[in-house]
Amino acid sequence: MTIKGKFICTVALASIGLWGGSAVYGRQTANASNSTMNKSSDATFAKRADQADLAEVKMGELAQQKAANPAVKQFGERMVTDHSKANTELKQAAAKDNITLPTSMTAKDQATYDKLSKLSGSQFDRQYIKDQVSDHEKVISEFQKEADESGNSNIKNFASQTLPTLQEHLKLARQADQQVMAKYSAADKNGKAAE
């Protein structure tokens, strides 16, 4: 190979090295950026999940006090038990990633709680179970997304492990809703005052 040929090869290899290095650097930068975004979205998810757990516990306690239908009372009891456990597990997962969780419900959940606390009997049963069906449909969607897309193993594992319980809650909420609607619809048709 001539000197000119060696020079061209050296320049070509150097160019490839520079571009290859840039591509690697670009991938590393993109990966670092994605990692930061994942941590941010994982923290957001964890905070929302924590607030949802807090709300479910408080509203479940309210259901145990105010519900007239035994299925609604039992559902409220289940919410307290399962969401208290989930909240403890979430706190452990979040602590591993230095995610600070809130200590109170959202303003929206507080408003729902305040509204429910003014109801009793059939009115409480209907509104509480209706809210529970809707809330669990939304929460399951968020947990599924976190379980599928999160890069954080601690929060991802929490979401994956909690998802079956939430799906069971939705099933139970729908069953309780059917019972409540059937009971109170029959009472309304018969002209009886629903409790």
Inset, instruction - Kindly provide the set of residues from the range 173-195 that are modelled with pLDDT of 55 or more, surrounded by 14 or more Cβ atoms within 10 Å (Cβ to Cβ), among the aliphatic types (A, V, I, L, M) and farther than 13 Å from PRO70 by Cα, ordered by number. - result: MET181, ALA187
Inset, instruction - Could you tell me whether the range 117-130 includes any residue that is more than 15 Å from GLU61 (Cα to Cα), among the β-branched types (Val, Ile, Thr) and either exposed (fewer than 14 other Cβ atoms within 10 Å of the Cβ) or modelled with pLDDT of 95 or more (or both)? - result: no
Inset, instruction - Hey, could you check the range 44-101 for residues that are under 14 Å from ASP135 (Cα atoms) and aliphatic (A, V, I, L, M) and say which is farthest from the chain's Cα centre (by Cα)? - result: MET59
Legend entry - Members of the range 151-164 that are surrounded by 15 or more Cβ atoms within 10 Å (Cβ to Cβ) and polar (S, T, N, Q): ASN152, ASN154, SER160, THR162
Legend entry - Criterion: crowded, with 20+ Cβ neighbours inside 10 Å and in contact with a Gly (Cβ under 7 Å, 6 or more places away or on another chain) - qualifying residue of ALA52, ALA67: ALA67
Inset, instruction - Could you grab the pairs with beta carbons closer than 6 Å, sequence gap of 6+ or different chains, first residue in the range 77-106 and free of Cβ contacts under 8 Å to residues at least 40 places away in the same chain, second one small (Gly, Ala, Ser) and surrounded by 12 or more Cβ atoms within 10 Å (Cβ to Cβ)? - result: VAL80/GLY60
Inset, instruction - Sort out which residues of the range 83-132 are in contact with a helix residue (DSSP H, G or I) (Cβ under 8 Å, 6 or more places away or on another chain) and among the acidic types (Asp, Glu), and write them in order of number. - result: GLU89, ASP97, ASP109, ASP125, ASP131
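The values are calculated or read from the model by the stated rules, or taken from the named source; none is laboratory data. Just so we're clear, the structure is a prediction, and the values are computed from it rather than from any experiment. Here the Cβ is made from the backbone with ideal geometry for all residues, glycine too, and neighbour counts use every protein chain on show.
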